[in-house]
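Step one of this worksheet: look at the structure below.
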Amino acid sequence: MKSEALLRCHGVVAGYEHPVVGPVTFELFRGEVLGLLGSNGAGKSTLIKAITGHARIFRGRLETAPGIELAHHRQQPVRPAECPLSGHDLVTLTGASRQTPPPQIARLLDGRVDQLSGGQFQILQIWACLGSGAEVVLLDEPTNNLDPATVEALVNLIRKDQAGRTILVVSHEASFIDAICSRVVSVSA
Ligand SMILES: Nc1ncnc2c1ncn2[C@@H]1O[C@H](COP(=O)(O)OP(=O)(O)OP(=O)(O)O)[C@@H](O)[C@H]1O
């Protein structure tokens, strides 16, 4: 039996003032990890932004299952400058504090978010999304700034601890996509 589609994208053409991507068609089923592949500038991030309402849909239809919550990890997440927000505060805000984080993330929680390295901030942001209660997690280039050991920890997190999560992921790292995705969809302008 086919599982429930949480997201349906039918011939979607999306962009800003003008269209930059599409038409794109796919369904994201509950419990699967689906990869979006495409060259630089193909419009992968724009498609993710169209899903979250931050880019315009010119044609086609985008449907999310009623009542579902989305968590979005941006390609370049904005970090609050000189703000005494701790890692604990951040994961509490997204609801991720209700789950036990893996050790690579647990050790980052006591520090201030504005004092983390680029890679430390990246993995903490990913955990803030993955550990939240959102039914669908959108990850845009999650391996940016991550060293190989942290990428491996992220693969394990998605395949083991967070198995069964519904994830739409954009990444240029073919080995990462191969390791976590059950299907991929190509995106082009
Ligand atoms: N806010 C914006 N306003 C107008 N055009 C934009 C905006 N953001 C991106 N674009 C344009 O939309 C096109 C697609 O960009 P997008 O970031 O979606 O591609 P991408 O596939 O995610 O690229 P990459 O793999 O390089 O991250 C590019 O030509 C880009 O210049």
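Nothing in this text is a laboratory measurement; each read-out follows from the coordinates by a stated rule. These numbers come from a predicted model, not from an experiment. Cβ: placed from backbone, ideal geometry, glycine included. Neighbour counts: every protein chain shown.
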- [ ] State the extension gain, in nm to one decimal, for the chain segment bounded by residue 81 and residue 29, taking 0.36 nm per residue of separation less the distance between their alpha-carbons.
- [x] 15.0 nm
Open item on the list: If I model a spin label at residue 3 and residue 159 as a point 7 Å from the Cα along the Cα→Cβ vector, what separation in nanometres do I get?
Closed with: 1.7
Task: Charged-residue dipole, Cβ positions (Lys, Arg, Asp, Glu), segment 5-186 about Cα centre, Debye nearest 20 - done: 420
TODO: Go through segment 20-29 residue by residue and turn each phi into a ³J(HN,Hα) via Karplus (6.51, -1.76, 1.60, θ = phi - 60°); whole Hz please, and just put x for glycine and proline.
DONE: 10, 9, x, x, 10, 10, 6, 10, 10, 8
Task: Sequence-distant residues sharing a close amide H with residue 86 (under 5 Å, placed H) - done: 113
- [ ] Could you work out which residue, out of 69, 141, 82, moves most in a Gaussian network model of the chain, that is, has the largest mean-square fluctuation with Cα springs under 10 Å?
- [x] 82
- [ ] Consider a paramagnetic label point 7 Å from the Cα of residue 16 along Cα→Cβ; state which residues of segment 55-80 have an amide N under 20 Å from it.
- [x] 55-59, 73-79
Open item on the list: Please report the antiparallel percentage of the DSSP beta bridges confined to the chain, to the nearest 5.
Closed with: 45
Task: Estimated [θ] at 222 nm from DSSP helical runs (n ≥ 4, -39500 (n - 2.57)) normalised by residues in the chain, nearest 500 - done: -7000 deg cm²/dmol
- [ ] With springs only between Cα atoms under 10 Å apart, run a GNM on the chain and tell me which of 77, 102, 148 wobbles the most.
- [x] 148
Open item on the list: Under 5 Å between amide hydrogens, which residues at least 5 positions from residue 32 or on another chain qualify, with H placed 1.01 Å from N in the peptide plane?
Closed with: 167
- [ ] Beta carbons within 10 angstrom, averaged per residue: use that to sort the peptides 45-52, 87-94, highest first.
- [x] 45-52, 87-94
TODO: Describe numerically, in nm with one decimal, the distance between label points set 7 Å from Cα along Cα→Cβ at residue 189 and at residue 63.
DONE: 3.1
- [ ] Please report the relative contact order for segment 5-186, taking Cα pairs under 8 Å with a sequence separation of at least 6, and give it as a percent rounded to a whole number.
- [x] 29
